[in-house]
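Note sheet for the following structure.
The values are calculated or read from the model by the stated rules, or taken from the named source; none is laboratory data. This one's a predicted model, so the numbers in the text were calculated from it and none came from an experiment. Keep in mind that these areas ignore ligands, DNA and RNA; they rest on the heavy atoms of the full protein, side chains included. Shrake-Rupley method; radii C 1.70, N 1.55, O 1.52, S 1.80 Å.
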Amino acid sequence: MNRTLQLGFLFLGGAALLAQVRFGLAMAQLNCETLPPGPRRTDCYIGLSRINRQKSEISAGVALQQAETAIY
């Protein structure tokens, strides 16, 4: 995947994240500890870790884009 396309995807993800914050869009808060021990609880933790990783990648992409914009 070329760099421009990657930055485009990161920008769109960052825009979605900013829209969520700016407009107060609701997101479900899931507490995996409320699930009984077992495969569903494990899947819950795996899902949360993936979501957090994606949020981190989006934030890094937004920061990179802002840094590149500041250079210009």
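Annotations
- Surface calculation, 1.4 Å probe, protein heavy atoms: Ile51 sits at approximately 80 Å² accessible.
- Vicinal HN-Hα couplings computed from phi for region 55-72 (Karplus, 6.51 cos²θ - 1.76 cosθ + 1.60; Hz; Gly/Pro x): 4, 5, 5, 5, 4, 5, x, 5, 4, 5, 5, 5, 5, 5, 5, 5, 5, 6
- In order along region 35-41, the Karplus-derived 3J(HN,Hα) couplings, from 6.51 cos²θ - 1.76 cosθ + 1.60 at θ = phi - 60°, round to 7, x, x, x, x, 5, 5 Hz, and Gly and Pro are given as x.
- Where Leu30, Leu35 fall by accessible area, highest first, once all protein chains stay in place (1.4 Å): Leu30, Leu35
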